[in-house]
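In what follows, a single structure is set out as structure tokens and then discussed.
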Amino acid sequence: MKVRAIITGATGMVGEGVLHECLLHPDVEQVLVLTRKPCGVTHPKLKEIILSNFFDLGPISDQLVNYNACFFCLGITSIGMKEPEYYHLTYELTLNMAQLLSIQNKDMVFNYVSGAGTTQNEKSRSMWIRVKGKTEKELMKLPFKKAYMFRPGYIQPTKGLKNTQKAYFAISWMYPALRMLFPKVVCTLKEVGLAMIHTVTIGHESPILEVKDIVKLANSQ
């Protein structure tokens, strides 16, 4: 199966890494990036739409058809944010796009980057867990072919990419030890990208992918 993917968040670390793997992979034939600013990448497979308002998809809705995957890597940190604002930019923004895509692309596999520690307990004391968990739960109700919730922990960056978060430079040298000591929470950005591609070409039995599932699926043939 050839993958035709929509990617969001390509100017962030995770989205850039997923885009990188898609452009390298022979099973991916087409990529559409939705972004607020140019991602700075050119490739024969790649098309880019600059979108100032992710809540207003009407003007581009006719360009969001005939895709069989969405790798939704757009996200923000909850640090310093009040719950209503975080809810608006996480739950409402994600569902706004997902609902449209699920209607227009019945054979679509939708992958959402959530995070390690997420549960679908909306009564959690942690605001970000409540919001992410509700987002996961509602995405899984939409009429996609499949919807997968990715819950990565520490992600080892891909060398040479430009959007690696600064904090990673301070600890990435520890990756071999971290991987050995904490295999349940450590994976690579390459593995995240490959696992997303493989949700389309291979599939996964569970809609929730913890780190161990991401690593296993990434290395599946």
**Prompt:** Taking +1 at the Cβ of each Lys and Arg and -1 at the Cβ of each Asp and Glu, which of G193, V211, S114 sits farthest along the dipole of the chain towards its positive end, judged by Cα position relative to the Cα centre?
**Reply:** V211
**Request:** Take the chain, connect every pair of alpha-carbon atoms lying under 10 Å apart with a spring to form a Gaussian network, then pick out the residue of D62, D27, D107 with the largest mean-square fluctuation.
**Result:** D62
**Prompt:** What order do M97, M81 take when sorted by accessible area (1.4 Å probe), most exposed first?
**Reply:** M81, M97
**Prompt:** Based on DSSP H runs of at least 4 residues, each adding -39500 (n - 2.57), what is the mean residue ellipticity at 222 nm of the chain after dividing by all its residues, to the nearest 500 deg cm²/dmol?
**Reply:** -10000 deg cm²/dmol
**Message:** Please report the spacing between the Cα centers of the range 82-136 and the range 179-208 in Å, no decimals.
**Reply:** 19 Å
**Prompt:** About its Cα centre, what dipole magnitude does the range 1-95 give when the only charges are +1 on Lys and Arg Cβ and -1 on Asp and Glu Cβ, stated in debye to the nearest 20?
**Reply:** 180 debye
**Correct option for Cα extents along the principal axes in Å [calculated from the coordinates] among (1) 50, 37, 30; (2) 48, 42, 34; (3) 61, 47, 32** = (2)
**Request:** Kindly point out which whole DSSP H helices in the chain project their C-alpha atoms 15 angstrom or further along the helix axis while averaging a Kyte-Doolittle hydropathy of -0.5 or above.
**Result:** 13-24, 93-104, 189-201
**Request:** Please report the Cα spread of the range 114-206 along all three principal axes, rounded to whole Å, starting with the longest.
**Result:** 40, 37, 27
**Prompt:** Which FRET efficiency, nearest 0.05, do I79 and Q221 yield, Cβ-Cβ r, R0 45 Å?
**Reply:** 0.70
**Message:** Let me make sure I get this right: for the range 1-119, a, b and c are the square roots of the gyration tensor eigenvalues over alpha carbons, sorted descending. Under 1.5 in a/c it's rounded, otherwise prolate if a/b > b/c, else oblate. Which is it?
**Reply:** prolate
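The values are calculated or read from the model by the stated rules, or taken from the named source; none is laboratory data. Because the structure is predicted, anything quoted here is derived from the model rather than measured. All Cβ positions, even for glycine, are placed from backbone atoms using ideal geometry, and neighbour counts span all protein chains on display. These accessible areas exclude ligands, DNA and RNA; they are computed on the full protein's heavy atoms, side chains included. Shrake-Rupley method; radii C 1.70, N 1.55, O 1.52, S 1.80 Å.
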